[in-house]
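None of the figures in this text is laboratory data; all of them are computed from the coordinates on show. Bear in mind that the values here come from a model prediction, so they are computed numbers and not experimental data. Here the Cβ is made from the backbone with ideal geometry for all residues, glycine too, and neighbour counts use every protein chain on show.
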Amino acid sequence: MSLVDSTRPETRRERYGQMADAADRRFAVGAVAVPLALPVVGYLSGSVELMFAVHLFLGAFWFGTSVIGAVVLGPVMGGLSEDANAEFARGFVPKMTLLMEPLSVGVIGSGIGLAAMFGMWASPTPALWAALGLGIALLVLGFGPLHTFTIGMFDELAAADTDHERLAELNARYGMLSMVELVLMLAIVASMSGLRWGY
Ligand code: HEM
């Protein structure tokens, strides 16, 4: 089903149903299941090497996707005409919404689990506290305001009478906050470097 054929969702259930359809059901299942299952598999395997690989894979994926979104795709979309922008966003917004939230949980969960496997929580270093604090801040941002703006955009895109003004406003706010997200992410990567060198 294409988003163009749907109407503004009225309930949460309806919204997520439409979102999964618009993103493609198989994509939706993979986007939610893989980032959440990998850290669990890594932790239960008891292999620190596997858990490290999972954390690196998910961390690189999240960081890379965020940078591309904020630095490349955001400005490209901003430069398109109203209709072209909405057309692009109809494909982009559902997939990104379904992917990024589980991915953030997977990265932070795998980081916490990895630190546990290394026995680092017995005497956490400043860099580990910093990583935890920044991770929580990223989750609050992602599941709080960023989520609200994204579902607002989704609802407008699904509506037959898209309110382009509201869409642009939400998009602009999203763009601003994703810069804050990027700064927090850079800080967390700096704290990863700190962990590596024992700080
Ligand atoms: C955007 C989020 C994150 C990204 C992109 C990321 C990325 C990375 C990278 C590239 C490494 C390898 C470098 C190294 O060995 O230090 C690493 C290691 C590690 N990360 Fe993360 N990480 C993130 C979040 C977290 C969080 C929230 C925690 C825990 C609270 C965490 C805990 C760890 C631990 C314990 C290591 C191993 C450190 C060591 O080798 O001594 N990470 N992470």
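Quote the FRET efficiency, to the nearest 0.05, computed for residue 199 versus residue 137 with a Förster distance R0 of 22 Å and r equal to the Cβ-Cβ distance.
The calculated FRET efficiency here is 0.70.
Quote the Stokes-Einstein diffusion coefficient, in whole µm² s⁻¹, for the chain, based on the Kirkwood radius over alpha carbon pairs, a temperature of 37 °C and a viscosity of 0.692 mPa s.
183
Mind listing which GluC sites (Glu not before Pro) in the range 1-108 are in a DSSP loop and have 12 or fewer other Cβ atoms within 10 Å?
10
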